[in-house]
Amino acid sequence: MRAVLLSDVIAAARALRGVPASGRAVVCARMLREAHWADRHTRRLGKVHAAWGNGTLKAAAEAYGPVGAGRFDDPEFCECLQMVAAALAEKCRAHSCKRGLHAHMGF
């Protein structure tokens, strides 16, 4: 997966906000995998993946369709932000990231 920026996290949280709460963890994990796969595809073939984009988390999240703006006064959106941040932190811890999330990730 490409380097993860704040805009990626917000896009992923916005996508999760459009998913029923019971399915968010599955979709969150899927977005991370899809971003990783798209990055590998893009680096190997020199073109973006048709469904998952260019390897950024934002592009993978946008594949889930248009969603409303994320609002920090929306408790569910804040929960989605927390879910994305926790998933990224867990993946990083599991892979001993020292140079940033994208450097050693193998989703």
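No value in this document is a laboratory result; all are computed from the given coordinates. All values derive from a computational prediction rather than experimental measurement. Neighbour counts run over all protein chains shown; Cβ positions are idealised from the backbone, glycine included.
General remarks:
- Cα-based equivalent ellipsoid of the chain: semi-axis lengths in Å, sorted from largest, via gyration tensor: 22, 16, 11
- Summed residue charge, Cβ within 13 Å of Arg33's Cβ, Lys/Arg positive, Asp/Glu negative: +1
- Taking Leu81, Leu57, Leu32 in turn, the Gaussian network model of the chain (Cα-Cα springs below 10 Å) assigns the largest fluctuation to Leu81.
- Helices assigned as whole DSSP H runs in the chain whose Cα atoms extend at least 27 Å along their own long axis and whose mean Kyte-Doolittle hydropathy is -1.0 or higher are found at 24-45, 75-94.
- Helical mean residue ellipticity (222 nm; -39500 (n - 2.57) per DSSP H run of 4+; nearest 500) of the chain: -19000 deg cm²/dmol
- Dipole magnitude for the chain: about 580 debye, using +1 per Lys or Arg Cβ and -1 per Asp or Glu Cβ, origin at the Cα centre.
- Between Asp74 and Asn54, residue separation times 0.36 nm minus the direct Cα-Cα distance comes to 4.3 nm.
- Neighbourhood net charge (12 Å Cβ-Cβ; Lys/Arg +1, Asp/Glu -1) for Tyr64: +3
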